[in-house]
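**Q** Once you've had a glance at the structure underneath, I'll fire off some questions.
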Amino acid sequence: MTSERGLPAAKSALDREIDPRTRFLREIASRVPVERVSEVHLFAPMRQGGVETGVAVVAVAPETADGRHTVYSATYRLTLKGPERGRWEAAVVPEADAPLLTVDAVVRGVQRRAGDGAETERFSGAELAARSAP
């Protein structure tokens, strides 16, 4: 759905009222099988030039017992100022299949590349379901 100016429209008035992190968690929960999420690593959002961006790494358990999780990268971009104010973009992309232990190494690598020494917020699939519930 697009606005009259051809920009992506907000999903609903409720989506415009909730905080971006909750909206981001709802996006993630709508795109991955929440019942199989092993862990979510949510990075602190960054604001720069009127835009807020966020990143998360999501590990989803396999349907079979092979032990390799699907690792997703999740991102959002929210325009805070300017003519496109309120524009929301989100992506949840499967990046790799890896053992769960590898996810921590991936998260540390992302922190290192971003120059961010802050810890990520880590939680389980059950917590994702609870935090993303309407």
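The values are calculated or read from the model by the stated rules, or taken from the named source; none is laboratory data. This is a predicted model, so every value here is computed, not measured. Using ideal geometry, Cβ is built from the backbone for each residue, glycine included, and neighbour counts are taken over all protein chains shown.
**Q** Specify the residue that is nearest to the chain's Cα centre (by Cα); the eligible residues are those in region 1-35 that are at pLDDT below 80 and among the hydroxyl-bearing types (Ser, Thr, Tyr).
**A** Ranking the qualifying residues of region 1-35, first place goes to 12.
**Q** Let me ask something else. Within region 53-129, which strands (runs of 3 or more DSSP E) (wholly inside it) include 3 or more residues that are among the aliphatic types (A, V, I, L, M) and at pLDDT 85 or above?
**A** Numbers: elements: 68-79, 88-99, 121-123.
Strands (runs of 3 or more DSSP E) meeting the threshold: 68-79, 88-99.
**Q** Looking only at region 41-55, count every residue that is more than 15 Å from residue 120 (Cα to Cα) and in contact with a helix residue (DSSP H, G or I) (Cβ under 8 Å, 6 or more places away or on another chain) and tell me the total. Let's see the steps before the verdict.
**A** The first filter runs over region 41-55 and keeps only residues more than 15 Å from residue 120 (Cα to Cα), leaving 47-52.
Of the ones still in play, those that are also in contact with a helix residue (DSSP H, G or I) (Cβ under 8 Å, 6 or more places away or on another chain) are 52.
Qualifying residue count, region 41-55: 1.
**Q** Out of everything in region 89-134 that is surrounded by 15 or more Cβ atoms within 10 Å (Cβ to Cβ) and touching a helix residue (DSSP H, G or I) at 6+ places or on another chain (Cβ under 7 Å), what residue ends up being nearest to residue 64 (Cα to Cα)?
**A** Filtering region 89-134 for residues that are surrounded by 15 or more Cβ atoms within 10 Å (Cβ to Cβ) and touching a helix residue (DSSP H, G or I) at 6+ places or on another chain (Cβ under 7 Å), the one nearest to residue 64 (Cα to Cα) comes out as 125.
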